[in-house]
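First comes the structure, then the notes that go with it.
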Amino acid sequence: MKLLLRKYAGPFSGMLAHLIQRATGLLLLVYLFLHVRTIYALRGGPAAFDRAVAGFRSPLFKLLEIALLAVVILHALNGLRITLIDLGAKHAAQRRLFAWSLGAGALIFLAGAIPLFLSSVLGR
Amino acid sequence: MNSYQVQIRRSSPGHSYVRSYHVTSAERMTVLDALFRIQAEQDSSLAFRCACRVGMCGTCAMSINRVPRLACKTRISALDSPVVTLAPLPNFPVIHDLVVSLEPFFEQWKRIRPALRGSPSDTLAIILPDPDISRKRDCITCGICYAACGVKASHADYLGPAAINRAFLRVHDPRDSARQQRLKILNDEWSGVWRCHTQFNCTALCPKKIDLTETIGRFKRTLLVS
């Protein structure tokens, strides 16, 4: 683990960013299918839709919602980083861009996750 | 003096295994020095390749602790591990032990027409050095970028960073007349620059510190507007 961290946090941050982008992309794809499937329940009327979303009110699902927020932020900011690089942002700065995207992502995540956790999971 | 366990992936056609050797290393000993010592003192059948021993020829490229590097430029002490794992370069067919065939690398190299195309009078013209691209001329065709590329590992047809870098030098050479032909090859959807996923592995590992991903990015932008 220590070796992996040293390897990917240093010169291989570009590869780590690529792996994160792929993994979060796949997770968002799974979420998208789940989302479309739930919306599809509207065909059965309001009662069927209520039944479909009932499971989403559990605290476990609320935690998964917070995880979804993290996935969306990682994917979006990393996508922004790749776009900047493709548009010609200084390639030498890609490691710094990656660190910035992680730092900014962490702040945005906390700003969204704390209220979500307090209201949805703890019910305050 | 430190003692290291050197694990080498030995290969011969149809047969592959890992063999361990013990080497006592001085502070400045390189992986190539260790290989010579193993060959001289423990196993004369060990096959590896080298030429200049000073990082100029690129012949001794191999996978060192799972990272493609030049054996002559890698000090054992810098690896910061009591176990040193050596294997042939990934993405290349193995000939014997640590010796790989560079044929796939040069097949891609030939595709971008690496030689200067122009009239004899043009090719004799002296061009002013461009600091922007001068570092890109330092490529020693060691194959490390090709071995490190994640895209190359899954797409055999991809040109690879070194060939694209070579094309870059030719396209930006005012004496060259085959710019459009090269750009057409580089613009190929499956094997050209669009295959690059900006993983930066080639840039991170190039022993000559060539920013290969930047080269590929510049081609992408050139092709987009042309």
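Some notes on this structure:
- Temperature 4 °C, viscosity 1.567 mPa s: under these conditions the Stokes-Einstein estimate for chain A, based on its Kirkwood radius over C-alpha pairs, is 77 µm² per second.
- Label-point separation in nm, B:HIS96 to A:VAL36, each point 7 Å along Cα→Cβ: 5.6 nm
- At a Cβ-Cβ separation cutoff of 4.7 angstrom, cysteine residues of chain B with no neighbouring cysteine are B:CYS72, B:CYS139, B:CYS142, B:CYS149, B:CYS196, B:CYS206.
- Note, ³J(HN,Hα) from phi for region B:185-202, Karplus 6.51, -1.76, 1.60, rounded to Hz, x at Gly and Pro: 5, 5, 7, 4, 4, 9, 10, x, 5, 5, 6, 5, 9, 6, 7, 6, 5, 5
- For B:GLY118, nonlocal amide neighbours, meaning residues 5 or more places apart or on other chains whose placed amide H falls under 5 Å from its own, are B:SER177.
- Rg over Rh [alpha-carbon atoms, Kirkwood Rh] for region B:1-117: 1.02
- Exposure ranking of B:ASP157, B:ASP211 by accessible area [1.4 Å probe, largest first]: B:ASP157, B:ASP211
- The protein assembly as shown: C-alpha gyration tensor shape, a/c 1.5 cut-off, then a/b vs b/c: oblate
- Under a 5 Å amide H cut-off, with hydrogens placed 1.01 Å from N, B:ILE95 pairs with B:VAL100, B:SER101 among residues at least 5 apart or on other chains.
- Residue separation of B:HIS172 and B:ARG221 scaled by 0.36 nm, minus their Cα-Cα distance, works out to 16.2 nm of gained length.
- Apolar share of the accessible surface for region B:2-100: 48 percent from carbon plus sulfur atoms, 1.4 Å probe.
- With the simple spin-label model, which puts each label point 7 Å out from Cα in the Cβ direction, the B:LEU116 to B:GLN180 separation comes to 2.2 nm.
- Chain A: DSSP helices with Cα axial extent of at least 27 Å and average Kyte-Doolittle hydropathy no lower than 1.0: A:13-40, A:59-86, A:94-116
- Buried surface between chains B and A: roughly 1300 Å² of accessible area, summed over both sides, computed with a 1.4 Å probe on protein heavy atoms only.
- Share of carbon and sulfur in the accessible heavy-atom surface of chain A [1.4 Å probe, %]: 74 percent
- Based on the Stokes-Einstein relation at 37 °C and a viscosity of 0.692 mPa s, and on the Kirkwood radius from alpha carbon pairs, chain B is assigned a translational diffusion coefficient of 174 µm²/s.
- Ordered by 1.4 Å accessible area with all protein chains kept, B:SER226, A:SER120, B:SER3 run largest first as B:SER226, B:SER3, A:SER120.
- Mean separation of Cα contacts under 8 Å, 6 or more apart, over the residue count of region B:18-135: relative contact order %: 20 percent
- Accessible area in the full protein assembly, largest first, 1.4 Å probe, for A:VAL30, B:VAL151: A:VAL30, B:VAL151
- Given B:LYS110/B:LYS152; B:LYS110/B:LYS209; B:LYS136/B:LYS220; B:LYS184/B:LYS220, the pairs whose alpha carbons are separated by over 19 Å: B:LYS110/B:LYS209
- Region B:103-225 - convex hull of the alpha-carbon atoms, volume per residue in Å³: 102 Å³
- Surface per residue (accessible, 1.4 Å probe) for region B:186-226, Å²: 42 Å²
The values are calculated or read from the model by the stated rules, or taken from the named source; none is laboratory data. Note that the coordinates shown come from a computational prediction; the quantities given were computed from them, not determined experimentally. Positions of Cβ are generated from backbone atoms using ideal geometry, with glycine treated the same way; all protein chains shown enter the neighbour counts. When the accessible area is computed, the model is the full protein with side chains, heavy atoms only, and any ligands, DNA or RNA have been set aside. Shrake-Rupley method; radii C 1.70, N 1.55, O 1.52, S 1.80 Å.
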